[in-house]
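Heads up: the structure comes next, in structure tokens.
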Amino acid sequence: MEIQSVGDMHAFIASLSERADRIRMYRLSSAPEVGIFWLTPDKSKILYGNCIPMPEAADHGDFKISTVDHFSEWERLDKDGFLKDRGLTKSLRDDYALVPRGRVSYNKVSNRYEVYHGNWLQPKHKALINSYFRLPFSATDYIPDEHYNL
């Protein structure tokens, strides 16, 4: 949306507010979400997840995805002090790829959720991810992707 007037600005703010309200309603419904995530360096819990309710997810070919990427989100989290507040060392804060991460998407053809992960995934992590994104175990596939390897 190109903003050329105060009226345009008000319309833009209203649309953001409406989207935020929709997302809150979806989250209250406990519906599954897609997005990106990082585990803590010790892999004991989710460090951060950017979750998008399915109706708000972007269509990308046969998939519903979050358009948020790891690089940009990590930069934002670092700039906002989130990573430092969570105790991450400077070396970890400097490289998002050093912390276990992955992506959840939805395959519209197979009607299944797909969790892309690296070589760090253990069975206990599946429960963390499924719970965080509210994914049904019976409709979720875990797909190794070397892009997410440590």
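Here, each number is a calculation from the coordinates, and none is a lab measurement. Nothing here was measured: the structure is a model prediction, and the numbers come from that model. When we count neighbours, we look across all protein chains shown, and the Cβ atoms used for this are built from the backbone with ideal geometry, even at glycine.
A few notes on this one:
- Distant-in-sequence amide contacts of residue 143, defined by a placed amide H-H separation under 5 Å and a gap of 5 or more residues or a different chain, comprise 115, 116, 117.
- Within straight-line cross-link reach of residue 108, lysines at Cα separation under 16 Å, skipping those fewer than 8 residues along the same chain: 64
- Extension gain from residue 40 to residue 134, taking 0.36 nm per residue of separation minus the Cα-Cα distance: 31.9 nm
- Residues whose placed amide H lies under 5 Å from that of residue 112, excluding near-sequence neighbours: 107
- The simple Förster model, with R0 at 30 Å and r as the Cβ-Cβ distance, assigns residue 76 and residue 127 a FRET efficiency of 0.60.
- Qualifying trypsin sites (Lys or Arg not before Pro) in region 39-124, DSSP loop, other Cβ atoms within 10 Å at most 11: 45
- Computed with the Debye formula from one identical point scatterer per Cα of region 32-148, without solvent, the log10 of I(q)/I(0) at q = 0.11, 0.15, 0.22 Å⁻¹ comes to -0.34, -0.63, -1.28.
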